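Have a look at the structure below before the remarks.
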Amino acid sequence: MPESNPPGPNTGFTPLQRILHWVVAALVLATLAGGLTIGRLGFDRVTAVLGGPGRDVLYEYHKTFGLIVLGLMLIRLFVRIDRGRPAYDPPLKPWQQGISLTVHYLFYVLLIAMPVLGWLATDMSDYPVEFFAWDFPQVVPKSETVGTLLYDWHRYVGWAIALLIVMHVGAGLMHWLVLRDGVMGRIALPMRPKSRR
Ligand code: HEM
């Protein structure tokens, strides 16, 4: 992956990279919230609280949003490899660069691994892999033992993603509100300049 594009004034990510960032952020938060609800309460209590139809909607949207995250993350990875990362202007300290790069790479790895683990765990446990109203065909043989193991990893990676989100949001807020160094502007949504009329 190219580390950075040549430095210059007002460097920032491309409009496509900015839009992908915020769409994926919203989907991951929604998917994580649904997953944590399922994980904390368990199937029976989710059914008791939401009723059968409500539970099915929660599972269906958890799986669907997760699969959309997988597709968007593969597109993001391709765009990131192709376009690189704009240089920081002014440059960050080496330790800040190191931490930010590590967190960003881990996001790519874990946000691709997470939906794949959920998909394989569901498929192996003989549950439907739902994309809205459509069920994916079975792609791996049924195995309860491996399915349970993959669900365990789905849970561990979920906690790792939650930790990364806390670090990432904390760093973003620090750059935005305390350091005011323009780092947030690199990834802010592209806005149309206001008309003067
Ligand atoms: C960004 C993507 C995803 C995130 C962040 C995510 C997050 C989570 C979390 C945190 C849990 C709770 C784990 C626990 O505490 O036991 C969970 C459970 C679950 N996830 Fe995901 N998930 C994602 C994608 C998927 C996908 C693509 C599928 C299937 C196609 C899926 C299927 C499931 C199922 C069935 C459960 C419940 C497991 C059980 O009942 O033990 N997930 N998810």
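The values are calculated or read from the model by the stated rules, or taken from the named source; none is laboratory data. Keep in mind it's a predicted model, so treat the numbers as computed, not measured. Don't worry about glycine lacking a Cβ; one is built from the backbone with ideal geometry, like all the others, and counts go over all protein chains shown.
Please indicate, with yes or no, whether at least one residue in the range 73-80 is modelled with pLDDT of 95 or more, surrounded by fewer than 12 Cβ atoms within 10 Å (Cβ to Cβ) and away from the ligand (no atom under 13 Å from the Cβ).
The answer is yes; a qualifying residue exists.
Might you let me know whether the range 90-99 holds any residue that is out of contact with any Leu (no Cβ under 7 Å at 6 or more places or on another chain), part of a helix (DSSP H, G or I) and within 16 Å of the ligand (Cβ to nearest atom)?
No, the range 90-99 contains no residue that is out of contact with any Leu (no Cβ under 7 Å at 6 or more places or on another chain), part of a helix (DSSP H, G or I) and within 16 Å of the ligand (Cβ to nearest atom).
Scan the range 110-129 residue by residue and report those that are more than 9 Å from the ligand (Cβ to nearest atom) and more than 14 Å from the chain's Cα centre (by Cα).
Across the range 110-129, the qualifying residues are MET124, ASP126.
Going through the range 101-137 one residue at a time, which ones are surrounded by fewer than 18 Cβ atoms within 10 Å (Cβ to Cβ) and farther than 17 Å from LEU77 by Cβ?
Hits for the range 101-137 are SER125, ASP126, TYR127, PRO128, PHE131, PHE132, ALA133, TRP134, ASP135, PHE136, PRO137.
Among the listed residues GLY39, GLY66, GLY54, which satisfies the condition of being over 13 Å from MET114 (Cα atoms) and within 12 Å of the ligand (Cβ to nearest atom)?
Residue meeting the stated conditions: GLY39.
ARG85 - would you say it is away from the ligand (no atom under 15 Å from the Cβ), farther than 15 Å from HIS154 by Cβ, part of a helix (DSSP H, G or I) and touching a residue at least 60 places away in the same chain (Cβ under 8 Å)?
no
In the range 22-59, what residues are in contact (Cβ under 8 Å) with a residue 40 or more places away in the chain and surrounded by 16 or more Cβ atoms within 10 Å (Cβ to Cβ)?
Correct list: VAL24, LEU27, VAL28, LEU32, GLY35, TYR59.
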